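The values are calculated or read from the model by the stated rules, or taken from the named source; none is laboratory data. As the structure is a computational prediction, the values presented were derived from the model and not from experiment. For neighbour counting, all protein chains shown are included, and Cβ atoms are generated from backbone atoms with ideal geometry for every residue, glycine included.
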Amino acid sequence: MTVIRIEHADDPRIDEFRSIRERDLVGRHGRFIAEGTVVLRMLAAAHKRGGEFLAEKILILENRLSGVAEILSEFPADVPVYVANSTVLDGIVGFHLHRGILAVGRRVREPSICELLASLPERALVAAAIGISNHDNIGSIFRNAAAFGVSAVLLDESCCDPLYRKALRVSVGAVLQVPYARGGTMQELVSGLFENGFAVWGLSPAGRTEIRKVQAAPRMALLTGSEGHGLPPELMEKIETAGIAQVPGLDSLNAATATGIALYQIASAQEII
């Protein structure tokens with residue numbers, strides 16, 4: 001590992017880290033910012049697996065360097081590691097960065113939903129998000145998916161990108177671990193699931209079956225809609241629907257929490273966990 005010291009915030013070698021709050025939203029061209037120790041470790045593991053995610057460069061606060069040296073040693077020698085003091089680092093990123101650990105990664109392969117579904121085993125559980133634009137919910141859904149052995153996460157075109165910095169951070173790196181595909185309409189996503197032999201369940205407070213009574217099938221998919229609007233009524237009429245019992249008069253679970261509970265129940269029924 002060769003460490004390169006950065007003395008000035010305008011050093012062109014670290015342009016990708018500059019003003020990351022604004023750059024996170026536009027013009028990323030497949031690149032993303034990994035932030036924090038856990039996500040850096042997940043990026044190292046993804047890079048070693050090869051195929052989908054690669055690390056391009058790393059920027060570390062100087063007093064954090066020794067603490068992540070073991071993780072940094074997992075990256076290839078040609079991935080540059082830059083180090084800066086807190087004043088320079090804050091000048092680069094545009095705000096005070098408490099974690100002091102950043103990396104630029106790139107998604108080098110983006111499978112389509114059809115490709116991803118065709119690659120799944122005969123026994124599989126898929127989590128699918130429809131119209132979820134909240135970064136926290138998307139990140140948490142990926143974290144739940146990793147915890148409960150989900151084979152893949154599908155996102156329709158109206159969902160936010162899980163590689164947004166906040167979504168990736170909330171997922172604690174699970175976005176780099178769980179296979180996923182994003183794109184296409186809700187109808188295309190659901191049609192792909194049916195064509196690949198999945199029993200499709202929609203999660204809703206008005207679900208016709210309580211989640212504990214859902215019967216296991218070899219291939220199962222759980223669909224979650226956005227908070228407030230939920231899944232469209234026309235979709236709910238075409239698929240099985242499940243709800244989570246709560247005390248009367250309340251509907252207090254957000255999309256990510258409800259998805260986690262439902263995935264746990266379905267994964268248990270499928271004997272994945």
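Taken together, E115, E122, E110 contain a single residue that is within 21 Å of the chain's Cα centre (by Cα) and in a loop (DSSP other than H, G, I, E, B), which is E110. Considering the stretch 9-95, the qualifying strands (runs of 3 or more DSSP E), each wholly inside and each with 1 or more residues that are in contact with a strand residue (DSSP E or B) (Cβ under 6 Å, 6 or more places away or on another chain) and under 22 Å from A174 (Cα atoms), run over 31-35, 53-61.
Is it true that A256 is touching a helix residue (DSSP H, G or I) at 6+ places or on another chain (Cβ under 8 Å), without any contact (Cβ under 8 Å) to a residue 40 or more places away in the chain and farther than 19 Å from L193 by Cα? Answer is no for this residue. Does the stretch 240-273 hold any residues that are of a type outside the set (V, I, T) and part of a helix (DSSP H, G or I), and which are they? A255, A256, A258, G260, A262, L263, Y264, Q265, A267, S268, A269 - these are the residues of the stretch 240-273 that are of a type outside the set (V, I, T) and part of a helix (DSSP H, G or I).
In the stretch 187-213, what residues are under 14 Å from A127 (Cβ atoms) and assigned to a loop (DSSP other than H, G, I, E, B)? Scanning the stretch 187-213 gives a single hit, F198.
Within the option set G131, G139, being under 14 Å from the mean Cα position of the chain (by Cα), under 18 Å from K166 (Cα atoms), small (G, A, S) and assigned by TED's automatic domain parsing to the domain that holds R182 holds for one residue only, G139. Would you confirm whether or not the stretch 170-179 contains a residue that is at negative phi, assigned to a strand (DSSP E or B) and in the same structural domain as E234 (by TED's automatic domain parsing)? Scanning the stretch 170-179 turns up no residue that is at negative phi, assigned to a strand (DSSP E or B) and in the same structural domain as E234 (by TED's automatic domain parsing).
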